[in-house]
Amino acid sequence: MKGTILTRTAFEREIFIYLPYGYDMSNKKYPVIYAHDGDKFIKFLSRIIDGIEEGFENKSLEEHIIVGITPFDRLNEYTPWPANANHERFHDFEGKGDEYLEFLINDLQSYIEKEFRVSSSKNDRKIMGHSLGALISLYSVFRNNNYGKIASMCASQWYNNWIKFIEEEKLINNDFKLIIIAGKKEGHRKVSIQKDMPKFSNMSYEIFKKRIGEQNIKIVWDDFDHHENILNRHKIALEFLLKKE
C-alpha cells in the first residue's frame, strides 16, 4: 500500500480514513466514499488496496478518500423502521436509520470536509455497504439527495415491508448510479424470510431500474452465500465507485 490509513475517533466513533499516495503533496480536492461497518471494511480494504492503487496509477480508477464508519449498533442504525428480530440471538431492530443518515450528513460529512481536502459535489460523494449496511445505503435515496453513486452488497432486502416501500415511496434522490451485488445462494440454509434473498434482490433491481433508468443501474450475481466471497464483492463495489465516468 502506497497510501495511508488513519484511525480517528470522531463523535465517539472509530473511523478510518484512507488517503491516496501524494495527498500531502497536492492541492487536489478528492472524491469521497463513505463505507459502513468500518471496522470490518478496513480489513477488506487493506487486502485489496494494492490492486486498487494499480488502477490509480494506470488511470483506470480515480483516486478517492475512503472513510470507514464503525457503528454503535448496526441492527438499529442500519434499519429504516422498527421490526421484530428474525432470530432469538438478536434483539429487535429499532429502526434508527433516519438518525444515522442525518449524522452522516450533518456531523461526519461536515467533519471530513473540514479536516480533509474532499470535494463537496454530490457527484463526488459516494456510499457503500454490505447486508444491513447496504440496506441503509439504498434507504438514503428516499431521505436525502446527497450521494451520486451507491454500491449495495447483499442488501438485507428481506426487511419488513421494504419492497413495498421502494415501489411506492418518493425518491428524494433520483439522479444516482447504483450497483447491486448479490449471491445466488444467499439464504439457502435459512428457514426465515431470508431464504428468499435472491428473489428480493432481483425484485429490487427491477424496481430501481424502472425508477432511475436502466442506464443508471447494474446487478452483479455470484454463486455464493451471504457471508461468502466478501473480499471479491468489495473489490467489485469499490471499482464501480472509483471508476471514472
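Since every read-out is calculated from the coordinates, none of them should be taken as a lab result. Just so you know, these numbers come straight off a predicted model, no measurement behind them. Note: ideal-geometry Cβ built from the backbone for every residue, glycine included; neighbour counts use all protein chains shown.
Can you tell me the order of 127-139, 34-46, 164-176 when each peptide is scored by its average per-residue count of other Cβ atoms within 10 angstrom, highest first? Don't skip to the end; give the middle numbers.
Details: 127-139: 25.7, 34-46: 20.7, 164-176: 13.5.
Answer by packing, highest mean first, reads 127-139, 34-46, 164-176.
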Where both partners of a DSSP beta bridge lie in the chain, what percent of those bridges are antiparallel, to the nearest 5? 35 percent
Which angle from 0 to 90°, rounded to the nearest 10, does the C-alpha axis of helix 230-242 make with the longest principal axis of the chain? 60 degrees
What percent does the relative contact order of the range 4-242 come to when contacts are Cα pairs within less than 8 Å and at least six residues apart? 17 percent
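In what sequence do Arg89, Arg233, Arg189 fall when counting other Cβ within 10 Å, fewest first?
Values: Arg89 6, Arg233 21, Arg189 10.
If I rank by nearby Cβ atoms, fewest first, I get Arg89, Arg189, Arg233.
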Tilt relative to the chain, helix 197-212 - C-alpha long axis, 0 to 90 degrees, to 10: 60 degrees
Return the label of the correct value of Cα extents along the principal axes in Å, as calculated from the structure shown, out of (i) 76, 59, 29; (ii) 53, 35, 33; (iii) 67, 36, 34. (ii)
Cα coordinate range in the range 1-107, projected on the principal axes (Å, largest first): 48, 28, 23
Can you flag which of Lys164/Lys185; Lys96/Lys195; Lys96/Lys244; Lys199/Lys243 are past 31 Å Cα-Cα? Lys96/Lys244
